[in-house]
Amino acid sequence: MTDKITLTIDEQTVAVAPGTTILKAAGQIGIEIPTICFHDYCTSYGVCRICVVEVEGSRTLVPACIGKASEGMKVHTRTKRVETSRRTILEMLASSVDLSEAPGIQEYMTDYQANTQRFPEARERKPSVLDDNSLFIRDYAKCILCWRCVQVCADDAQYAYAINFSKRGYETQIGTFFEKSLPATTCVFCGQCIGVCPTNALKPKREYLLQNGLSEDEIMKLTRSQRKRRTRRQISSAEQSEEE
Amino acid sequence: MTQSDRIVSTTCPFCGVGCNLELHIKEDFIYRVTSPFDGVVNQGNLCIKGRFGYDFVYNKRRITTPMIRKTRQQPGERTQAFDLSEWQPVSWEEAMEYTVDRLVEIYQRDGSHAMAVYCCAKATNEDNYLLQKLFRSEFRSNNIDHCARLCHAASVVALQMAIGSSAMSNTASEVVDSDVFIVTGSNTTESHPIISLQMKAAIKKHGAKLIVIDPRRIEMVDYAALWLPEKPGTDVVVYSAMAHVILKEKLYNQKFIDERTENFEEFAKSMEKFTPEYAESISGVDRNLIVQAARMYATAKTAAIYWALGVSEHINGTANALSLINLTLLTGHIGRRGTGLNPLRGQNNVQGASDCGAMPWHYPGYMSVADEENAQKWEQAWNIEPGGLSRQLGLSTTEILGAVGPGGVRALYIMGENPMMSEPNLNHARQKMEQLEFIAAQDLFINESTSFADVFLPATSWAEKEGTFTNTDRRVQRVRQAIPPVGQARADWQIICDLAKRIEKRLGRPNSAFWDYKHPSEILEEMGSVVKDYAGVKYNRIEEVGLQTPVWDDQHPGTPFLFSESFPHGLGKFHPLTYHLSAEMPDAEYPLILTTGRVLEHWHGGTLTRNSWMDDLYPEALMEINPVDAASLGLNDRDPARVSSRRGTIVLRVHVTPKVNPGVVFIPFFYGPAAANLLTNDALDPQAKIPEYKVSAVRVTPARYEELPQPEVAQRRGRY
């Protein structure tokens, strides 16, 4: 089909090919819609809802990353309702997840004047760092469950199917089947998951060690057993002594 | 959060896919590797090696000071020196002068034929061009080769014979445009991981059908419509039986045969004997599978063939590759997107090293050294007196070691290769190394080969130098210096130029072949001035995206797929074929067939990957053996076993798995302490001189734990 669809976004008219998402249509005329779980090279599932927009005639807000443009559609990307919704999502994320290494989300916080202390009663998600191999660590205290790592581990790239969601509700976390260590799974250590992680929850081991204050020299002098196991205890005991 | 000082774009130093990398660096420490999602080669995807495998750069075992052996080595009594106490650290000046003294002494005493060099499929185009230039222009020797001889020599020879080219005809990512594709002799998920992702996507998302023809139940079989589990060494029979079916059922492309090929009649006659029944009796593949595979390939709109060393590393290697080419010519599946003959090259720059003339029979650009006109062109380019360059074909990799001895090869210069892991029949190779009069090693680590050297010249890694690699689909891409040289290491091209100038002066050559390059870009331009495929490859054109050769001039856009109109030979030539047994067949004494290959975590001889943290995930070689064979030998999974061939013995753990068929065992060849190549056969394909790595007869018996090189048990992996 070559016929184009015409819609208006924030009072601007735009013509797009059928099948185009609202997000891409807005991008064509320079209107930026915030995204977190969306990634150009992953399948979109509309998980995080930060990209919601108001569509006239629609009862609920529509996620722009998966909502398709249609003929005559009237979209508003920054109404009060949209802003409130986005702000609330950001505030809820901030209440339970460590976003210290997610500069993109922090920018949104400022942009939407999110109050990071809005939910003081919220329980922080603080699982300990999973450090079960020499190549990368998984710090799910920083995980916002965007699902991108699971997608690239599966049909979006690698077809390895080593990780998925585990548990339910608040306890939901990305994990391996039967909570096996990564080397014991079908993981091929391609690190596609690291490549798409928006919050640095997944991190190469040497970067992690560097962040934990080890010098290049100290890192490269670690023995095989140290980099596989002992470093974890060393680091967690260092963290403990700091807290004390 | 770690803030990078800089992010440097470069090309992966491991396999031939040539993935685009971004190195994140803080205080000269590479702490993270990413890849741009809009990258043409790998679309943001990497494998374990590209993502994590670069830490060999910082390994504490790396040699970063020039060294000379403390004890002068005598031919016949040469030893390996793994311990640093046996080496004397010296200045670059001293190391260079020593190297020149020894090389020139041997050259002036014994002549050109005493000199030999192993170039390097891991080094850049510029490094390889210069090293072959040095040996050709100064020592007048064509004893120049590199490990391409050990991987795709048979494919190159066959492609040259049939169509006059020797590279992948199409771009790997075009597989999504194939309706049907054959993967044979390639464990793609482990050896070319990113191409395997494109293959999986082609199947899962674009409806392509895959035919796997391989003795092992490799991971790609999970995605295949058909799997033809042939016995190792029977490729000619299987592919020719497919041709037989296509001929018999008239599924061939008459128009293509008429317009684009020659020698059809003679070829068709030679295929008569290859009935599916005959093929089944030889290869063990069900005749119906052969018929189905033939129909599927022949009737597809677009069909491609991808192969690797399982096809070429046989004494029948050239015939194996020719039988694939025959299939393609028969069906006309070439010269369009999503079709083609696609030998997957193993190393980051094996295509480039070959293009750059790191070969005994060819100058850069596959120009035969025996051709007078070619020799004159290079004499002109290198300021050499007319008739100065040798017109004699040089010795190939395995022949170089074979020729070591009085009156033969006396001096060997090794850049980055590890023949003491990669040659077949290593006990024989060892004797030859011991007999050399002089060995110079230009490398990063003391490995099984450089430990034999008299002088060690510490080279920079790929992250410390500028240059280009040419990947498996002929794309010339930039390699960029990301960090300063570690220690006193120097870039290979600089070491070679320094050495060449000293040799030139010592020999009193009247004219200089020219070694005063300011930047590697000038080296590539010099080559492009003679080699027309590279004429338009200029650094300023490949800053963002690499160009696919041939690139005829500065305006030429490069060539994603070849042969749309004609072949370099004009017509493609069918070759009649016959089947010969592998050189060594199993018998009562050595009842199993050993075949060798790679694993995901390691790369070739393992000089780089055994010095990376990746090694933690696969620290020792395991021998795959079928449960039936294991049971009859009383072996359980991970038990130690002794494996012997007529040439050597190793002890390693077994992995009991139906991935290999009964009667066949598989050992990856990266592992020094139990090197698979101690067992392999050095019988050569008569045309391509490639050794038969993929078939040797072995005997397996249980061993004791204390005989294992690494008795402590390694962590179990889910995927092995």
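If you take the residues of the range B:604-639 that are within 14 Å of chain A (Cβ to nearest Cβ) and touching a strand residue (DSSP E or B) at 6+ places or on another chain (Cβ under 9 Å), which of them is surrounded by the most Cβ atoms within 10 Å (Cβ to Cβ)? Please lay out each step first, then the result.
Within the range B:604-639, the first condition is being within 14 Å of chain A (Cβ to nearest Cβ), and the residues that meet it are B:609-620.
From what's left, touching a strand residue (DSSP E or B) at 6+ places or on another chain (Cβ under 9 Å): B:618, B:620.
Values: B:Tyr618: 24, B:Glu620: 18.
Checking each candidate, the answer is B:Tyr618.
Among the residues of the range B:115-122, is there at least one that is touching a helix residue (DSSP H, G or I) at 6+ places or on another chain (Cβ under 8 Å) and among the hydroxyl-bearing types (Ser, Thr, Tyr)?
yes
In the range A:183-200, how many residues are among the aliphatic types (A, V, I, L, M), closer than 20 Å to A:Ala141 by Cβ and either touching a residue at least 60 places away in the same chain (Cβ under 8 Å) or surrounded by fewer than 22 Cβ atoms within 10 Å (Cβ to Cβ) (or both)?
Step one: list which residues in the range A:183-200 are among the aliphatic types (A, V, I, L, M), which gives A:184, A:188, A:194, A:196.
Filter once more, keeping what is closer than 20 Å to A:Ala141 by Cβ: A:194, A:196.
Within this subset, residues satisfying the condition of being either touching a residue at least 60 places away in the same chain (Cβ under 8 Å) or surrounded by fewer than 22 Cβ atoms within 10 Å (Cβ to Cβ) (or both) are A:196.
Residues in the range A:183-200 being among the aliphatic types (A, V, I, L, M), closer than 20 Å to A:Ala141 by Cβ and either touching a residue at least 60 places away in the same chain (Cβ under 8 Å) or surrounded by fewer than 22 Cβ atoms within 10 Å (Cβ to Cβ) (or both): 1 in total.
For the condition away from chain B (no Cβ under 14 Å), more than 30 Å from B:Gln43 (Cα to Cα) and either under 15 Å from the mean Cα position of the chain (by Cα) or without any contact (Cβ under 8 Å) to a residue 24 or more places away in the chain (or both), what is the one hit in A:Ile89, A:Ile36? Spell out the reasoning first.
Working: A:Ile36 fails: more than 30 Å from B:Gln43 (Cα to Cα).
Only one candidate passes the filter, namely A:Ile89.
Taking the options A:Gln117, A:Gln158, A:Gln151, A:Gln113, name whichever one is within 16 Å of the chain's Cα centre (by Cα) and either over 23 Å from B:Gln3 (Cβ atoms) or not in a helix (DSSP H, G or I) (or both). Give the derivation first.
Numbers: A:Gln117 fails: within 16 Å of the chain's Cα centre (by Cα); A:Gln158 fails: within 16 Å of the chain's Cα centre (by Cα); A:Gln113 fails: within 16 Å of the chain's Cα centre (by Cα).
Criteria check complete, one pass: A:Gln151.
Mind checking which residues of the range B:143-159 are under 14 Å from B:Gly394 (Cβ atoms) and touching a His at 6+ places or on another chain (Cβ under 9 Å)?
B:Asn143
Test each condition in (1) surrounded by fewer than 23 Cβ atoms within 10 Å (Cβ to Cβ); (2) more than 12 Å from chain A (Cβ to nearest Cβ); (3) of a type outside the set (Gly, Ala, Ser) for B:Pro13 and report the one that comes out false.
In the conditions (1) surrounded by fewer than 23 Cβ atoms within 10 Å (Cβ to Cβ); (2) more than 12 Å from chain A (Cβ to nearest Cβ); (3) of a type outside the set (Gly, Ala, Ser), B:Pro13 misses (1) alone.
Please go through the range A:201-216 and pick out each residue that is surrounded by fewer than 21 Cβ atoms within 10 Å (Cβ to Cβ), within 7 Å of another protein chain (Cβ to nearest Cβ) and closer than 15 Å to A:Ile137 by Cα. Can you show your working first?
At the first step, the residues of the range A:201-216 found to be surrounded by fewer than 21 Cβ atoms within 10 Å (Cβ to Cβ) are A:211-216.
Right, trim to within 7 Å of another protein chain (Cβ to nearest Cβ) and you get A:211, A:216.
Correct list: A:Gln211 only.
Only one of these conditions is not met by A:Arg81: (1) surrounded by 19 or more Cβ atoms within 10 Å (Cβ to Cβ); (2) part of a helix (DSSP H, G or I). Which number is it?
A:Arg81 satisfies every listed condition except (1).
Scan the range A:96-148 residue by residue and report those that are of a type in the set (A, V, I, L, M, F, W, C) and in contact with a Gly (Cβ under 9 Å, 6 or more places away or on another chain).
A:Leu130, A:Leu135, A:Phe136 - these are the residues of the range A:96-148 that are of a type in the set (A, V, I, L, M, F, W, C) and in contact with a Gly (Cβ under 9 Å, 6 or more places away or on another chain).
For the range A:118-127, indicate whether the set of residues that are out of contact with any helix residue (DSSP H, G or I) (no Cβ under 9 Å at 6 or more places or on another chain), more than 22 Å from B:Gln715 (Cα to Cα), surrounded by fewer than 21 Cβ atoms within 10 Å (Cβ to Cβ) and more than 8 Å from every other protein chain (Cβ to nearest Cβ) is non-empty. Steps first, please.
Going residue by residue through the range A:118-127, those that are out of contact with any helix residue (DSSP H, G or I) (no Cβ under 9 Å at 6 or more places or on another chain) are none.
No, the conditions are met nowhere in the range A:118-127.
Given the criteria farther than 21 Å from B:Arg478 by Cβ and in a helix (DSSP H, G or I), does B:Arg109 qualify? Don't jump to the end; show me each part of the working.
On the way: farther than 21 Å from B:Arg478 by Cβ: yes; in a helix (DSSP H, G or I): yes.
Answer is yes for this residue.
Would you mind stating whether A:Arg87 is in a helix (DSSP H, G or I), among the charged types (D, E, K, R) and closer than 20 Å to A:Thr35 by Cβ? Please lay out each step first, then the result.
Values: in a helix (DSSP H, G or I): yes; among the charged types (D, E, K, R): yes; closer than 20 Å to A:Thr35 by Cβ: yes.
Here the answer is yes, as A:Arg87 does meet what is asked.
What number of residues in the range B:198-217 are hydrophobic (A, V, I, L, M, F, W, C) and surrounded by fewer than 23 Cβ atoms within 10 Å (Cβ to Cβ)?
We begin by selecting, within the range B:198-217, every residue hydrophobic (A, V, I, L, M, F, W, C); these are B:199, B:201-203, B:208, B:210-213.
Narrowing the set further to residues that are surrounded by fewer than 23 Cβ atoms within 10 Å (Cβ to Cβ) leaves B:201, B:203.
Counting residues in the range B:198-217 that are hydrophobic (A, V, I, L, M, F, W, C) and surrounded by fewer than 23 Cβ atoms within 10 Å (Cβ to Cβ) gives 2.
Quick one: count up the residues across the range B:338-364 that are in a loop (DSSP other than H, G, I, E, B) and either of a type outside the set (Lys, Arg) or modelled with pLDDT of 95 or more (or both). Reasoning before the result, please.
Step one: of the range B:338-364, the residues in a loop (DSSP other than H, G, I, E, B) are B:338-339, B:344-346, B:348-349, B:356-361.
The next check asks that each one be either of a type outside the set (Lys, Arg) or modelled with pLDDT of 95 or more (or both); those that pass are B:338-339, B:344, B:346, B:348-349, B:356-361.
So the answer is 12.
Please determine, by comparing only the residues of the range A:161-182 that are within 11 Å of chain B (Cβ to nearest Cβ) and of a type outside the set (Ser, Thr, Tyr), which one is surrounded by the fewest Cβ atoms within 10 Å (Cβ to Cβ).
So the residue we want is A:Phe178.
Taking helices (runs of 4 or more DSSP H) that fall entirely within the range B:406-522, which contain at least 3 residues that are of a type in the set (A, V, I, L, M)? First the steps, then the outcome.
Details: elements: B:419-422, B:426-435, B:492-507.
Because the criterion is at least 3 residues that are of a type in the set (A, V, I, L, M), the helices (runs of 4 or more DSSP H) in the range B:406-522 that meet it are B:426-435, B:492-507.
Hey, any hits in the range A:136-157 for a residue that's more than 14 Å from chain B (Cβ to nearest Cβ), more than 30 Å from B:Cys47 (Cβ to Cβ), touching a strand residue (DSSP E or B) at 6+ places or on another chain (Cβ under 8 Å) and not aromatic (Phe, Trp, Tyr)?
no
Scan the range B:96-136 for residues that are buried (at least 24 other Cβ atoms within 10 Å of the Cβ), among the aliphatic types (A, V, I, L, M) and farther than 23 Å from B:Gly402 by Cα and jot them down.
Within the range B:96-136, B:Ala123, B:Leu130 meet the criteria.
The values are calculated or read from the model by the stated rules, or taken from the named source; none is laboratory data. Note that this is a predicted model, so its numbers are computed, not measured. Neighbour counts run over all protein chains shown; Cβ positions are idealised from the backbone, glycine included.
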